[in-house]
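Here, each number is a calculation from the coordinates, and none is a lab measurement. Keep in mind that what you see is a predicted model, and the values were worked out from it rather than measured. We place every Cβ from the backbone using ideal geometry, glycine too, and count neighbours over all the protein chains shown.
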Amino acid sequence: MSKNTKIILSASSIIIAIIAMLLVATPASSGSEMKIANINETADTLKGRHLTTEGLLIQDSVSWDADAIELTFDIVYEGHELSVFYNGVRPDNFTDDVYIIVRGYLNEQGVLEAEAVQTRCPSTYEGEDADDHDPDAIWDEEDSND
């Protein structure tokens, strides 16, 4: 086998390995970001698909089993609710008025089996002047009146 053939085969193997890793490591790229209302309406067609959604935590729905490291809870957005199951560590700020972002798969019962749970407190983002944080976003009075 010539030196050029060995180089071409090696480079091809590396490229194929990188593409395979990207496909396996990024299931979210084939998923959908959807509102809870849309998930509830089309739940039958979404079974097994990777989804991302968000909503406010319903505090009374939280059930935490520290021994099994299992967390179940409900979120609500625009009056629509979704049940979530998460097998992982409970986030620290899992309290009232917490905004939840979940990523996972919808199971046969219509429960989102989350792979990732993110929280953020909505009060952290209220009352802030966007101009103080992003100077490039400042508009001139003339630009906004055009």
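Charges on Cβ only, +1 for Lys and Arg, -1 for Asp and Glu, centred on the Cα centroid of the range 31-124; of T45, Y99, F73, which one is farthest towards the dipole's positive end?
It is T45.
Suppose every K and R has +1 on its Cβ and every D and E has -1 on its Cβ; what is the size of the dipole of the range 31-124 about the Cα centre, in Debye to the nearest 20? Numbers along the way, then the final one.
Details: 6 positive and 17 negative charges, 67 e Å.
Here the range 31-124 has a charge dipole of around 320 debye.
Rank these for me by crowding, V62, V84, V111, going from fewest to most other beta carbons within 10 Å. If you can, show how the numbers build up before the last one.
Numbers: V62 14, V84 21, V111 17.
The most exposed by this proxy come first: V62, V111, V84.
Given N residues in the range 31-124, what is Rg(Cα) / (2.2 N^0.38 Å)? Provide the component values of the computation, followed by the final result.
Values: Rg = 12.4 Å, N = 94, 2.2 N^0.38 = 12.4 Å.
So the range 31-124 has a normalised radius of gyration of 1.00.
Return the long-range amide H neighbours of E115 (sequence gap of 5 or more, or a different chain), with a cut-off of under 5 Å between placed amide H atoms.
The list, which skips near neighbours in sequence, is R103, G104, Y105.
What chymotrypsin sites (Phe, Trp or Tyr not before Pro) does the range 69-110 have in DSSP loop regions with at most 16 other beta carbons within 10 Å? Walk me through the numbers before you get to the answer.
Details: sites: F73, Y77, F85, Y86, F94, Y99, Y105; in loops: F94.
Passing both the DSSP loop test and the Cβ count: F94.
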